[in-house]
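The structure under discussion appears below in the form of structure tokens.
The values are calculated or read from the model by the stated rules, or taken from the named source; none is laboratory data. Treat the numbers as computed from the prediction; the structure is a model and nothing was measured. Every residue, glycine as well, gets a Cβ built from its backbone with ideal geometry; the counts of neighbours run over all protein chains shown. Only protein heavy atoms, including side chains, enter the accessible area calculation; ligands, DNA and RNA are left aside. Shrake-Rupley method; radii C 1.70, N 1.55, O 1.52, S 1.80 Å.
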Amino acid sequence: MRVGWSVMPDAATSGGFGETAVRFRTKSHDLFGVITTPRGVPSRGIGVVLATGGSYIAAPNRNRLSVRIARQLAQLGFSVIRFDYRGVGESDGIILGYTIERPFVEDLEGAVRVLEEAGASRIIVVGSCFGARTLLAAVDRLPKLIGALLISTPVRDFPMGDNLPDRYTRELSLGQLAWKALRSRAWRNLVAPRSREAFLRTRLLYVRTARLAARRVLRWRRNGEARSQVSAPFRAGLTALLKRKISVLLLYGRDENFYEEFERARAGELADLLASHRDTAVVETIEGVVHGFTSIEVQEQVLARTIAWVRATWARDDLVVAPALR
């Protein structure tokens, strides 16, 4: 696939970095992005792609988190692109819905090609949720990839916006459901809620979970419904990354459901795969919920972890690979 790209006239330059708005053509869409490049510091020759989550999240991300990541990385010598998926922000196209197992690989591949045509010899991708699953689906199309930071990555497949209580009843055992309902945080939101919204949200969780759990018991009695497993696309993408010895960081919030799902998979189906690649695959956690970047504290921690990991990935790759290229 050939990706054409054009520079928009509103390029801006600031201390340590410059920014240029671009439009680039993929196979079926014209997408919008912003390239942030080093100014006054040596270029490392590495391009970093920031792939946001789904749900119509534009390139800047929540509280301009992607903007801050891009600018700090550019000041360290990395070229970075943040972009709008098809049908989002300044990109054209229409989105009828997001589905985790059908990510926008073409969009990510186009953004990577923009950096490559701008001179990047190696690529790192930072993806969150839908963006992380997009990266996993695109691994075989990215020959210059040296690093993958996967933030709050779902190990199971489901439509974006899937109702949380519904997912609980499909994916968790009844014992795990009971544990969630009995947690002190849930009880506090019923007995002494911080707000009326917290009380109503928790009450709805209890009511809907109880109803759906009852339905699940009936289905078990009828046909012995089996619990769903790690999705094939997740497993295939992660396996491809690790076989290529690409540096991988799986970053989760300790209190989010995606981390619980991943931990069950790490103790079960993914145990052998991850154990055999401890040198390249690292799992880290942040206090709270990372998915959605809904708090300033989480955003700052994600920012710091991302910058540190990208620098470490560059150092590792430069030590192992770059001498052979010189």
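A few comments on the model shown:
- Taking amide H as placed 1.01 Å from N in the peptide plane, the amide H of F17 sits under 5 Å from that of R39, each at least 5 places away or on another chain.
- Averaged over its residues, the range 57-116 has an accessible area of 36 Å² per residue, based on protein heavy atoms and a 1.4 Å probe.
- Across the range 73-121, the mean sequence separation of Cα contacts (distance under 8 Å, 6 or more residues apart), normalised by length, yields a relative contact order of 33 percent.
- Applying the Karplus relation 6.51 cos²θ - 1.76 cosθ + 1.60 with θ = phi - 60° to the range 120-135 yields 3J(HN,Hα) values of 6, 9, 9, 10, 10, 10, 10, x, 10, 6, 4, x, 5, 5, 5, 4 Hz, where x marks Gly and Pro.
- Charge sum, other residues only, whose C-beta stays under 12 Å from G16's C-beta, Lys/Arg counted +1 and Asp/Glu -1: +1
- With all protein chains kept in place, the per residue accessible area of the range 254-302 amounts to 49 square angstrom at a probe of 1.4 angstrom.
- Here the Karplus relation 6.51 cos²θ - 1.76 cosθ + 1.60, evaluated at θ = phi - 60°, turns the backbone of the range 304-313 into coupling constants of 5, 5, 5, 4, 5, 5, 4, 4, 5, 5 Hz, with x for every Gly and Pro.
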